[in-house]
């Protein structure tokens, strides 16, 4: 179940970096930025393009959270320890993307390319997996929403379904202890 869940969730987990809408700063905010720029290290500005933000969010990313089974319209007991390691995301044509996720299969770590669709609603990315066949694990569909540095979603198929949510960190940041 856990391996199948990993495949499904990895296929779902994409998008949401701080997709804040760009607003024209006020004069006071501009002065404050100039003062802080003199005293702190300059920060790399976030990409204005939601697709670029999505790529940055999910490159060398760790998704760490919780999940709960959903059966017969009833939510089961929440479980901790849900974790995923996304190596990269690549945009194909249109809304088609490939999520490359690192996972364990038996005693080996492999990077698995997972085909997904990603749609953007303003500053929010929505990852869609439709009828993805997992060898020996059934066929799954899922929807994941990415907003800022969080994700939440639902999946169904094969051996059941459920809901999940969590936070996103990147390798360049401190890696969560539970994502090792």
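Taking every Cα-Cα distance in segment 75-156 and sorting them into 5 Å bins starting at zero, the pair-distance distribution P(r) comes out as 3, 11, 18, 28, 22, 12, 5, 1, 0 percent. Modelled spin labels at residue 96 and residue 143, positioned 7 Å past Cα toward Cβ, are 2.3 nm from each other. Largest first and in whole Å, the equivalent-ellipsoid semi-axes of segment 58-97 read 29, 17, 4, each the square root of five times a Cα gyration tensor eigenvalue.
Coordinate-derived values only; no laboratory data. In this text, all values refer to a predicted model and were calculated from it rather than measured experimentally. Here Cβ is always computed from backbone atoms with ideal geometry, including for glycine, and neighbour counts include all displayed protein chains.
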